[in-house]
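Remarks on the structure that follows.
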Amino acid sequence: MQSNLGENNLNLPQYYNNRELSWLDFNFRVLQEAKDQNNPLLEQLNFVSIFSSNLDEFFMVRVAGLQDQVKMGYDKPENKAQLTPGEQLDQIKIKNSKYVDLQYKRYNELVEELKDHNVEIVKPEELPESLLQQLEKEFKTNILPTLTPLGIDAYHPFPKLNNKSLNIFVDIDTEDAINSAIVQIPSLIPRFSAFNEGDKQYIVMIEDVITFFINHLFTGFEVLNTFTFRITRNADLTIHEDGAEDLLIEIERFLKERMSGSAVRLEVDGRQATYEDVAWIINQLDVHDNDLYFLDGPLDLTMLSDLVGHLSNKLKHLKYNKYVPQIPSSLGNNDVFDLSLKRDIFFHHPYESFEPIVDFIREAADDPNTIAIKQTLYRVSKDSPIINSLKEAAEKGKQVTVLVELKARFDEENNVHWARMLEDAGCHVIYGMTHLKTHSKISLVVKRVNNKLTSFVHLGTGNYNDKTAKLYTDMGIITTNEEIAEDAIKFFNYLSGYSMKPEYNKLIVAPFDIRDIFLKRIDTEIQAHKEHGNGKIIMKMNSLTDKEIILKLFEASCAGVKVQLIIRGICCLKPGIPGVSENIEVVSIVGRFLEHSRIYYFHNNGDEKIYLSSADAMTRNMIKRVEILFPVEDREIAKRLLDFMNLQLSDNQKGRYQDSEGNYHYVQNDLSPLDSQAYLMKESIDTGLKFKKAVSQPQNVPVASRNSWFSKIRNSFRK
């Protein structure tokens, strides 16, 4: 097909999806998992919780930002679907109201299904009499002492209520007048209580318990009316980096402000209240009708993840079968450091264990031949074993440099804590670059091997977080490639000192350079297609928003290049539009694991170019972050990546394709059912069984691996 670039204006808004509305559609795909009967009942409940958790962050950051723009009188349209901030807020309200209504419809259906398993979520008055006495004792002992009713009158102004806290609004007849009060439910007491009678388990929500016994808080007066409400606040406040002598102190100030930002959403339990009931609160909070949601059930369904955890012991059969990450097939029974001297080692989490990455740092910290360890940390777990290893390395006199990104949203407090702890242990801690988040995932271990300094580099698509590595799909490579090692040294020196941006051998580093290489590679693919007719691009990422990249993909499509996009979340281009994007297809996979790896493939007339990255094709990743894109040059690993992407493109169970109107539909065809995540779990288990068989015969295990992570696994098999 010949290019139609001269015939079409590729900037027309109908060719694009608005970023925020596309995100809402992604969150709806998460909600679809709560209706998928292939998912066990408790897992369906968990997806309802994830939907809520996602939405909280969306309001605190994205909606808050749009509201700020409206308040400042900014009405310039965004550069793709060309909606103004006000228009976006109106469209968000329409779409999100529909999705939230569906969420609560599904929640109430699942509550009914739980009854078949002798679990009932009830109001206190629905409890058997014997349990009601038990509940009253629980209330008086463990709940009542924590509560403080806040009267509202001329001497008691409307209180500053914390972000995402649950509150009970109360109208009281004080004889002279009808007065109001608010009871804020402390976040540190459990959200629900559980009571057993016979085979049945009753779950009672904390707000219902407090409401039932509300008279204990207003002795001598008549309580006329109560309802529960919840405020979401703007958490996207500005960190003032310029002139901040100590960014740690600035971050701590920012965290306090986050709890009391302006209100961006008001949620009300619609089973208890009408618009007239909440009109006064709306006025006090300065929110608008667009910000108001009446819900058909308990507020803050993120609590369902705790409920699922509580019910899991008794109802294990209603959870996914436990999956244990397997021995990485690229590593086998070899020692990481020994093998990486010979070839690159590939890791695919969570199908394959993250433990070798943890041990990569742990063993480097223990080894007297290790001279230096350098690492970037963006999000780490609360009790991170990697942090402990870095501390130990510093305490043993090794040169340890750690970049802790203090601006990692909603992980700032955690990262401030780690930064102080690492500094106390003697690590050299750096906080990244002014106005840029360092989102790169890279570790460098420098060891003396055979009297020569050798650099071992780990590069990944995901965080050094041993907890999320069991839930997020990510990839990484450990290599001793000398050019990449040299690049890693330059990269850390650039971050920690004063030097001009380096010239790298193989790494491509944002800001800007990743976008430039993508544009260049797409251009090369267009040219190759014109000459050979075999142009093909496959990109897997979390989100695609960058206008320049989208325009270039449109150009490639118009030139006849086949473009396949695997995008879990936001996708701002519409595929399949004749003369614009007819050669582009978009697939989104939402399933048991959160798809997080980023892979970029260019056919290049058979001389294939394939990259892994910490970066999505989003403008913020391209120009506002320090990101790394790294080439995969090992042919075996490259083939594995291509096979993986083709597998995901064939997923007809968890895959949804986007049509030319921007709507998503489940992939439906006559082929055998294929769930790509389930397939990869089975494949990894089969590989793991082969290694298990090998390690059951000690003579087959090399001496060098006796102290490796593999030996630990071997020993666990023997127990």
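Relative to the longest principal axis of the C-alpha atoms of the chain, give the angle of the C-alpha long axis of helix 676-695, reported between 0 and 90° and rounded to the nearest 10°. Result, in degrees: 60.
Under the convention that each Lys and Arg Cβ holds +1 and each Asp and Glu Cβ holds -1, the size of the dipole of the chain around its Cα centre is about 2920 debye.
For residue 437, the aspartates and glutamates whose Cα comes closer than 16 Å to its Cα, not counting residues fewer than 8 places off in the same chain, are 236, 241, 242, 250, 405, 411, 412, 413, 513, 616, 627.
Classify region 116-318 from the C-alpha gyration tensor, please: rounded if a/c falls under 1.5, else prolate or oblate depending on whether a/b exceeds b/c. The shape class here is oblate.
When only the Cβ of Lys, Arg, Asp and Glu is charged (+1, +1, -1, -1), the dipole of region 598-696 relative to its Cα centre reaches about 480 debye. For the chain, the residue among 231, 597, 139 whose Cα projects farthest onto the positive side of the dipole built from Cβ charges is 597.
The phi-based Karplus calculation (6.51 cos²θ - 1.76 cosθ + 1.60; θ = phi - 60°) puts the 3J(HN,Hα) values of region 69-77 at 5, 5, 4, 8, x, 7, 10, 6, x Hz, whole numbers, x for Gly and Pro.
Here the peptides 586-593, 65-72 are ranked by packing, the mean other Cβ count within 10 Å, and the order with the highest first is 586-593, 65-72. The shape of region 510-674 can be summarised by an equivalent ellipsoid whose semi-axes, obtained from the alpha carbon gyration tensor, come to 22, 19, 18 Å from longest to shortest. The C-alpha atoms of the chain define a longest principal axis, and helix 355-366 lies at about 70 degrees to it. Pull up the cross-link candidates among the lysines for residue 342, meaning alpha carbon to alpha carbon under 21 Å and not fewer than 8 places away within one chain. Hits, sequence-local ones excluded: 447, 452, 506, 639. Each helix, a run of at least 4 DSSP H residues, gives -39500 (n - 2.57); summed and divided by the residues of the chain, these come to -11500 deg cm²/dmol at 222 nm. Classification of region 75-196 by its C-alpha gyration tensor yields an oblate form. The axis ratio a/c (a ≥ b ≥ c) is 1.5 or more, and b/c is at least a/b.
For region 510-674, the relative contact order works out to 24 percent when only alpha carbon pairs closer than 8 Å and six or more residues apart are counted.
Could you tell me which of the pairs 467/540; 140/200; 35/609; 93/115; 319/692 are separated by over 30 angstrom between their Cα atoms in the structure shown?
Correct reply: 35/609; 93/115.
Can you find, among 508, 543, 529, the residue farthest towards the positive end of the dipole of region 480-609? Put +1 on the C-beta of Lys and Arg, -1 on that of Asp and Glu. Sorting the options by dipole projection puts first 543.
Explain nothing, just the number: relative contact order of the chain, from Cα pairs under 8 Å at least 6 residues apart, as a whole percent. Dividing the mean separation by the residue count of the chain yields 12 percent. Starting from region 87-165, pick out the chymotrypsin sites (Phe, Trp or Tyr not before Pro) whose DSSP state is loop and whose Cβ has at most 13 other Cβ atoms within 10 Å. Listed in order of number, the matching sites are 155.
Highest average first, the peptides 314-321, 340-347 ordered by how many other beta carbon atoms sit within 10 Å of their residues are 340-347, 314-321. Normalised by the number of residues in region 116-318, the average gap of Cα pairs under 8 Å and 6 or more apart makes the relative contact order 20 percent. Relative to the longest principal axis of the Cα atoms of the chain, the long axis of helix 247-258 makes an angle of roughly 40 degrees.
Counting DSSP beta bridges with both partners in the chain, what percentage is antiparallel, nearest 5? The antiparallel proportion sits near 70 percent. Which of rounded, prolate or oblate describes region 410-549 when judged by the alpha-carbon gyration tensor and an a/c cut-off of 1.5? In terms of gyration-tensor shape, prolate. Rounded to the nearest 20, the size of the Cβ-charge dipole of region 322-477 about its Cα centre is 320 debye, with Lys and Arg at +1 and Asp and Glu at -1.
Every number here is computed from the coordinates shown, using simple stated rules; none is lab data. Quick caveat, the model's predicted, so the values are computed rather than measured. Heads up, the Cβs are rebuilt from the backbone with ideal geometry, glycines too, and the neighbour counts pull from every protein chain shown.
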